[in-house]
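The values are calculated or read from the model by the stated rules, or taken from the named source; none is laboratory data. Because the structure is a prediction, the values reported are computed rather than measured. When we count neighbours, we look across all protein chains shown, and the Cβ atoms used for this are built from the backbone with ideal geometry, even at glycine. What goes into the accessible areas is simple: the full protein's heavy atoms, side chains included, and nothing from ligands, DNA or RNA. Shrake-Rupley method; radii C 1.70, N 1.55, O 1.52, S 1.80 Å.
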Amino acid sequence: MSEYVLRICLDLNIWCAALLADKKGKQNTASQKLVKLVREGNCIWEGFNFSLRLIISFPMLERLRLVLKRDFNLSATSADRYVTLIEQYAYPNPRLILGGGVLRLDDIEDAQVLETAIATQCDFLVTANIKDFLDTDVEVIQEQKWAVYKAPDHEIHILHPFLAANWLNPSS
């Protein structure tokens, strides 16, 4: 195990994209690579080995369960099984974030994801929808690919899955 630790929050669209790619028989999509890295719990970034810790909240898991049943037509049992698997990847376990509603994002689910990342001092938030996470505290570095949320005590890199997969697994 590495002495270096990175905390990563995968937006729900990453979990859904990985599941959809699996169902279609695809391999090595950016989302699948990210889920694999989280499952394995380590990555290489800037030439160093890091322990990779998944950050996710109970509201995010409940929303994912709903989406899996409603939009993916998974049975309640299959949706529960998938969500339970993700819970097991979380370090040390899913977080219950109390309060919230502080961020001025248009979508309440996106605000909950960003608030989870902020509260846990996440290093990376990976999403296919970077534009949904833009507010006054976010600096766009590369349009639709990379932005940085500037919290008072840390920064969160908001990354598109292609960029995140390349950063955290440069050899693939």
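For the Cα trace of segment 131-172, dividing Rg by the Kirkwood Rh returns an Rg/Rh value of 1.03.
Each of residue 75 and residue 20 was given a label point 7 Å from its Cα along the Cα-to-Cβ line. The distance between the two points is 2.4 nm. Taking Cα centre as origin and charging only the Cβ of basic (Lys, Arg, +1) and acidic (Asp, Glu, -1) residues, the dipole magnitude of the chain rounds to 800 debye. Each peptide in 10-21, 130-141 gets a packing score, the mean of other Cβ atoms within 10 Å over its residues, and the list from highest to lowest is 10-21, 130-141. Solvent-accessible area of the chain (1.4 angstrom probe, protein heavy atoms only): carbon and sulfur portion equals 50 percent. Simple rule: put +1 on each Lys or Arg Cβ and -1 on each Asp or Glu Cβ in segment 126-171, find the dipole, and look at 133, 151, 165; the Cα lying farthest toward the positive end is 165. Each pair of Cα atoms in the chain enters the Kirkwood radius, and Stokes-Einstein at 10 °C and 1.306 mPa s then converts it into a translational diffusion coefficient of 98 µm²/s.
Given 23/150; 23/131; 26/69; 69/131, which pairs have Cα atoms separated by over 29 Å?
Details: 23/150 37 Å; 23/131 27 Å; 26/69 22 Å; 69/131 26 Å.
Violating the 29 Å Cα-Cα cut-off are 23/150.
Keeping every protein chain present and rolling a 1.4 Å probe, give me the accessible area per residue for the chain in Å².
Details: 9110 Å² over 172 residues.
Accessible surface, normalised per residue, equals 53 Å².
Considering only 161, 152, 59, the mean-square fluctuation computed in a Gaussian network model of the chain, springs between alpha carbons under 10 angstrom, is largest for 152.
Using alpha-carbon pairs under 8 Å, 6+ residues apart, how would you state the relative contact order of the chain in percent? Numbers along the way, then the final one.
Details: 274 pairs, mean separation 44.3, N = 172.
Taking the mean separation of contacting Cα pairs over the length of the chain, I get 26 percent.
For the chain, what is the mean residue ellipticity at 222 nm derived from helices alone (per DSSP H run of n ≥ 4: -39500 (n - 2.57); sum divided by total residues; nearest 500 deg cm²/dmol)? Spell out each step's value before the answer.
Numbers: 6 runs with 70 residues, N = 172.
Value at 222 nm, helices only, nearest 500: -12500 deg cm²/dmol.
How long is the gain from residue 155 to residue 143 if the chain were fully straight, where each residue apart is worth 0.36 nm and the alpha carbon distance is subtracted?
Details: separation 12, 0.36 × 12 = 4.32 nm, distance 1.78 nm.
Once the chain is fully extended between residue 155 and residue 143, it gains 2.5 nm.
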